[in-house]
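Here's the structure, in structure tokens; my notes come after.
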Amino acid sequence: MARPAVMLLQASRLVPFERSVPQGLQVSGELIWSRSGQLELSFGVLAAAASGLSDLILPPGLIDGPQGAGQRRDELWTTTCFEAFLALPDQPGYWEINLAPNGDWAVYRFEGYRSGQCQQPLENSPAVALRRWHHQLRLDALLDLSPWWPDEHCPELALTTVLDRGPNGISHWALCHGETQADFHDRSTFLQT
């Protein structure tokens, strides 16, 4: 089956806000936006340390491959979570997508900066797949946004990740950060398309 025409492809290494992140820990994010309203997201976590990713807090019962039991859940961002933020240019509203390694997910619509939050309905749950190795974790997701995203409009976007390392703390990763705090909702950190 042929892939739909791609309108936008963004692949980047994310940077941590916190300075206490160990050297050798890397996070990357990739977004593919197609004309048909399909959104593909891929995130990778790589650890060069001998301990690998052993201190990363992940949901129990993970399997390699498709995570078929994922459900809509709130507050996924309080632990390890992969995220994307999308906005229409020149509009105050935006969307937040949260994806947990076990396939749990949430999509929210905001009317403005951290205001007017509501759940964005999806006709189908995101298809989430996970691959794990000692030093690497990769999450791939496919979402169909076509029922509510305007045809042929590329989003402004931010790719972000929260890593929960238990007693070693939570780190916030993004394409870029504001100066005073990790704030994934800050539209000045979204890439313009």
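Structure notes:
- In the range 103-121, residue nearest to residue 39 (Cα to Cα) [restricted to those that are surrounded by fewer than 21 Cβ atoms within 10 Å (Cβ to Cβ), in contact (Cβ under 8 Å) with a residue 40 or more places away in the chain and not aromatic (Phe, Trp, Tyr)]: 119
- Here 2, 11 are screened, and the one residue that is in a strand (DSSP E or B), at pLDDT below 90, among the hydrophobic types (A, V, I, L, M, F, W, C) and loosely packed, with under 15 Cβ neighbours inside 10 Å is 11.
- Residues in the range 16-29 that are within 15 Å of residue 140 (Cβ to Cβ) and in contact (Cβ under 8 Å) with a residue 24 or more places away in the chain were compared, and the one that is surrounded by the most Cβ atoms within 10 Å (Cβ to Cβ) is 29.
- Tally of residues being within 15 Å of the chain's Cα centre (by Cα) and either within 16 Å of residue 77 (Cβ to Cβ) or without any contact (Cβ under 8 Å) to a residue 60 or more places away in the chain (or both) across the range 129-149: 2
- Of residues in the range 126-153 being in a loop (DSSP other than H, G, I, E, B) and either touching a Phe, Trp or Tyr at 6+ places or on another chain (Cβ under 6 Å) or of a type in the set (S, T, N, Q) (or both), the one surrounded by the most Cβ atoms within 10 Å (Cβ to Cβ): 126
- Flag if residue 62 is in contact (Cβ under 8 Å) with a residue 60 or more places away in the chain and closer than 21 Å to residue 191 by Cα: no
The values are calculated or read from the model by the stated rules, or taken from the named source; none is laboratory data. Because the structure is predicted, anything quoted here is derived from the model rather than measured. Here the Cβ is made from the backbone with ideal geometry for all residues, glycine too, and neighbour counts use every protein chain on show.
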